[in-house]
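To keep things clear, I will list the structure first and then write my remarks on it.
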Amino acid sequence: MNDPAKILIVFGTRPEAIKLFPVVAALQADPRFAPVVCVSAQHRQMLDQVLEIAGIVPDHDLDLMKPDQTLDGLTAALLTGLGKVMDQVQPARVIVQGDTATAMAGALAAYYRKVPVDHVEAGLRSYNIYHPWPEEVNRKIIGTIASLHFAPTDVSAKALTDEQIDPARVHVTGNTVIDALHWVSARIAADPALAAGLAELEARFAGKRIIGVTSHRRENFGGGMESIAEAVRQIAARPDVAVIFPVHLNPNVRAVMNGALAGLDNVALIEPLDYPHFARLLSIAEVMLTDSGGVQEEAPALGKPVLVMRETTERPEGVTAGTARLVGTETSVIVTELFNLLDDKAAYEQMARAHNPFGDGQTARRIVELIGNEIGH
Ligand code: UD1
Ligand code: UDP
């Protein structure tokens, strides 16, 4: 019997933690592996919310977040910090997820040490390096380095093979976000108190049609955020509607949203929700209005129409299936599209079909099997 292989899992933000906790759990349950978790804490509070619910205690915590951090300052600190951890841990392989600064720097630091990198959620492409910014380039860098590419769908796998990546290294696994969503739904079913914190708001907005909103994209900072805030203000002017908006902790988001929307009767600007409460929001919302990547995957899986406040998406599967629609960030377009959905029952029904192109909830298990084959254990 070989010694368990040391696998270093690197992440730092809320969505990476949500999408990697199923992989960490699957590795921990498998005697072939000795997983080591390193968090950059590129996010602090929003990361800790996920670590707590998932029961993950990191082996290494770089605690790197700074208020309103710049991309270059953050990336420099990540590269040296993660490099030091890799020198100490000496992993056989490194796992990164998605397209954040932490994932890109983690892949680069591993490459500098010639340690193979496995990429979860590989092959997403918008083909526009400024939308989403800087993620489109981050994931291309990771794709250049990666040893195993775990593509969520056929579309993302094809994007990689079109870039001349060896098809034998590309595996369609689904997206671990569906594993996470199944897990959290089962937890809530067993213990509804886990998601009961929205009860007061639900009572306040009883009888109204709930719109869930999230917004945080860097490329929308400034004019885009202001225009999104104005759209939310106009939407909430309808007496039959209420908006629940957990506001991202990025100061560039909070300043605009608090300035434009505080004190409106039909708008609840609230702190970021932990994952069970966000799952509850997804279940009570009639429509999700978002610029998030993860929410574009979760909402269709739950049969919730999602209007995507971006110019382009690297997740075309929801749009193709008709459960997601790109509306950009122009106020009048957002408002018109949302009201159309609320007022046209047939249009709503057409978008509200549960559709799940992103996997069957078995993605983490598949990924661990593929890594096991790779290391020959
Ligand atoms: C980051 C990722 C983005 C991902 C998003 C998910 C990069 C470049 N960006 O964007 O890909 O979609 O996370 O949310 O990797 N902050 C807090 N507490 C927190 C989290 C953030 O105070 O728990 C504030 C801090 O002031 C921080 C700022 O938000 O400096 C920005 O965080 P950062 O990770 O740089 O960018 P995000 O916009 O969150
Ligand atoms: N999410 C959460 N609480 C919130 C808002 C979002 O738990 O208040 C979850 C959501 O379910 C999804 C993930 O965070 O899984 C998306 O994160 P975010 O929108 O910050 O990043 P992106 O997916 O755009 O990278």
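Worth a mention:
- Label separation (Thr80 vs Lys114): 2.6 nm, computed from points 7 Å beyond Cα along the C-beta direction.
- For region 347-377, the set of trypsin sites (Lys or Arg not before Pro) satisfying both a DSSP loop assignment and a count of at most 14 other C-beta atoms within 10 Å is given as Arg353.
- In the complete set of protein chains, residue-level accessible area for Asp166 is approximately 80 Å², probe 1.4 angstrom.
- With all protein chains kept in place, the per residue accessible area of the chain amounts to 40 square angstrom at a probe of 1.4 angstrom.
- Measuring with a 1.4 angstrom probe and ignoring ligands and nucleic acids, Trp183 comes out at about 80 Å² accessible.
- Solvent-accessible area of region 35-192 (1.4 angstrom probe, protein heavy atoms only): carbon and sulfur portion equals 56 percent.
- Region 37-49 - phi-based ³J(HN,Hα) in whole Hz, Karplus 6.51/-1.76/1.60, Gly and Pro as x: 9, 10, 9, 7, 6, 3, 9, 9, 4, 5, 6, 4, 4
- Close amide-amide hydrogen proximity is noted between Phe33 and Ala5, each under 5 Å apart and 5 or more residues distant or on a separate chain (H modeled in the peptide plane; Pro and chain starts excluded).
- Size of charge dipole - the chain - debye, nearest 20, with Cβ of Lys, Arg +1 and Asp, Glu -1, no other charges: 240
- Cα centroids of region 41-65 and region 123-178: 25 Å apart.
- J(HN,Hα) series, region 99-107, from Karplus relation 6.51 cos²θ - 1.76 cosθ + 1.60, nearest Hz, glycine and proline x: 8, 7, 4, 4, 5, 5, 5, x, 5
- Rounded percent of accessible protein surface that carbon and sulfur make up, region 259-331, 1.4 Å probe: 48
- For Val243, the residues 5 or more places off, or on other chains, whose built amide H falls under 5 Å of its own are Ile211, Val267, Ala268.
- Model label zone, Arg218; criterion: amide N under 19 Å from point 7 Å along Cα-to-beta-carbon; scope region 277-318: 291-295, 309-315
- Helix axis angle, 14-28 relative to the chain longest principal axis, alpha carbon, degrees: 40
- Taken over the chain, lysine pairs spaced eight or more positions apart, or on distinct chains, with alpha carbons under 23 Å apart number 13.
- Between helix 275-284 and the chain: long-axis angle, C-alpha atoms, 0 to 90°, nearest 10: 40
- Site pair Asp59 and Gln28 shows an inter-label distance of 1.3 nm when each label is modelled 7 Å from Cα along Cα→Cβ.
- Summarising the amide proton neighbourhood of Ile95: residues at separation of 5 or more, or on other chains, whose placed amide H is nearer than 5 Å comprise Leu8, Ile9, Val10, Asp118.
- Most to least accessible of Tyr127, Tyr275 (protein chains only, probe 1.4 Å): Tyr127, Tyr275
- Isotropically averaged projected area of region 90-242, using the convex hull of Cα atoms (one quarter of hull area), nm²: 12.9
- Direction-averaged projected area, Cα convex hull, the chain: 17.5 nm², rounded to one decimal.
- All-pairs Cα distance distribution in region 260-377, expressed in whole percent, bin size 10 Å: 12, 36, 32, 12, 6, 2
- Look at the alpha carbon pairs under 8 Å that are at least 6 residues apart: their mean separation over the length of region 183-325 gives a relative contact order of 25 percent.
- Taking all Cα-Cα distances within region 153-284, those exceeding 27 Å account for 39%.
- List Phe221, Phe11, ordered by accessible area with a 1.4 Å probe, largest first: Phe221, Phe11
- Pair Lys6, Gln164: separation of 7 Å Cα→Cβ label points (nm): 3.5
- Sorting Val137, Val94, Val115 by solvent-accessible area of protein heavy atoms yields Val137, Val115, Val94, largest first, with a 1.4 Å probe.
- Available extension along the chain between Asp240 and Gln350 is 37.4 nm, counting 0.36 nm per residue and deducting the alpha carbon span.
- Computed over the chain: relative contact order in percent, which uses C-alpha pairs under 8 Å that are six or more apart: 16
- Relative contact order, percent, region 304-371 [alpha-carbon distance under 8 Å, six or more residues apart]: 33
The values are calculated or read from the model by the stated rules, or taken from the named source; none is laboratory data. Worth saying up front: this structure is predicted, and the values here are computed from it rather than measured. Here the Cβ is made from the backbone with ideal geometry for all residues, glycine too, and neighbour counts use every protein chain on show. Note: accessible area is taken over every heavy atom of the protein model, side chains too, but ligands, DNA and RNA are not part of it. Shrake-Rupley method; radii C 1.70, N 1.55, O 1.52, S 1.80 Å.
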